[in-house]
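Asker: My questions all concern the structure below.
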Amino acid sequence: VVLNNYNGKPGATVNALQGLKDRLGEGIEVLHEAGCDVVSGKGRVATKIDKEAGFSGGESVKLEATAAGDFIAFSVPVETAGRYEMALRFKKFPSRGMYQLSLDGTKVGTPFNMADAKEDYDGLIRFGKSDLTAGPHEFRFTVVGKDPGSDSFAGHFDQLQLTGDSDRSVELEGVKAT
């Protein structure tokens, strides 16, 4: 067990998982794999929280993907069942991959490219509408390739937007990634 000051309070040492749970608070389910930190994908793909002023909320989740098939998944609770327009705010950058969204195991929309010649914090992709039940839903973003001009499969996932019966924006750095 790795112990460190994961809660931002001097003199109060907790493990990384407890630090995440404490920061997220009530209502957000923290999923994890035994013997594993905040990693996932077909292997053990690292993720990290980047802090940059251009991100909504000042932070974003970066997936350090290295190949097609790597993925990141977010378990997002929906409070009110209904029909929702789904969108992702992300950071465009020259060295980024191409991703496919799956919602609860079903592909949604077409693959999208996070690469762009210039850095842009306002990348937005709309996935269309889906009927969502109340409860947690898995939003999985799987690498399907990379832009011909990119040297990386990485991606930044900033904010998930659900617009419909009960509008909600989810800062993804506040959701446990698996």
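Asker: Can you send over the solvent-accessible area of residue 170, 1.4 Å probe, protein chains only, in Å² to the nearest 10?
Answerer: 10 Å²
Asker: Roughly how big is the range 31-178's charge dipole about its Cα centre, with Cβ charges of +1 (Lys, Arg) and -1 (Asp, Glu), in debye to the nearest 20? Don't skip to the answer; put the middle values down first.
Answerer: Working: 18 positive and 23 negative charges, 68 e Å.
The calculation lands at about 320 debye.
Asker: Grab the other residues whose beta carbon is less than 15 angstrom from that of residue 86, score K and R as +1, D and E as -1, and report the net. Intermediate results must be reported in sequence, preceding the final value.
Answerer: Values: positive: 83, 89, 107, 126, 129, 140, 168; negative: 85, 104, 131, 138, 158, 165, 167.
Spelling it out: positives minus negatives among the neighbours equals 0.
Asker: In what order, largest first, do 125, 49 sit by accessible area if the probe radius is 1.4 Å? Intermediate results must be reported in sequence, preceding the final value.
Answerer: On the way: 125 45, 49 80 Å².
Solvent-accessible surface, decreasing: 49, 125.
Asker: Next question. Among 23, 83, 168, what's the order by accessible area (1.4 angstrom probe), most exposed first?
Answerer: Values: 23 160, 83 120, 168 70 Å².
Of 23, 83, 168, the descending order of accessible area is 23, 83, 168.
Asker: What accessible area per residue comes out for the range 61-141, rounded to a whole number of Å², with a 1.4 Å probe?
Answerer: Numbers: 3550 Å² over 81 residues.
Computed with neighbouring chains in place, this is 44 Å² per residue.
Asker: How many times 2.2 N^0.38 Å is the alpha carbon radius of gyration of the range 130-178? Walk me through the numbers on the way to the answer.
Answerer: On the way: Rg = 14.0 Å, N = 49, 2.2 N^0.38 = 9.7 Å.
Normalised Rg, Cα atoms only: 1.45.
Asker: While we're on this one: In whole percent, how big is the carbon plus sulfur part of the accessible area of the range 43-178, probe 1.4 Å, protein atoms only?
Answerer: Here carbon and sulfur together make up 48 percent of the probe-accessible area.
Asker: Additional query: Give the ranking of 178, 133 by solvent-accessible surface, highest area first, calculated with a 1.4 Å probe. All intermediate terms of the calculation are to be shown ahead of the outcome.
Answerer: Numbers: 178 35, 133 90 Å².
In descending accessible area the options line up as 133, 178.
Asker: Moving on. To the nearest 10 square angstrom, what accessible area does residue 142 show with a 1.4 Å probe?
Answerer: For residue 142, the solvent-accessible surface is approximately 30 Å².
The values are calculated or read from the model by the stated rules, or taken from the named source; none is laboratory data. Keep in mind that this is a model prediction, so the values were computed, not measured. When we count neighbours, we look across all protein chains shown, and the Cβ atoms used for this are built from the backbone with ideal geometry, even at glycine. Protein only, heavy atoms only, side chains kept; ligands, DNA and RNA dropped before computing areas. Shrake-Rupley method; radii C 1.70, N 1.55, O 1.52, S 1.80 Å.
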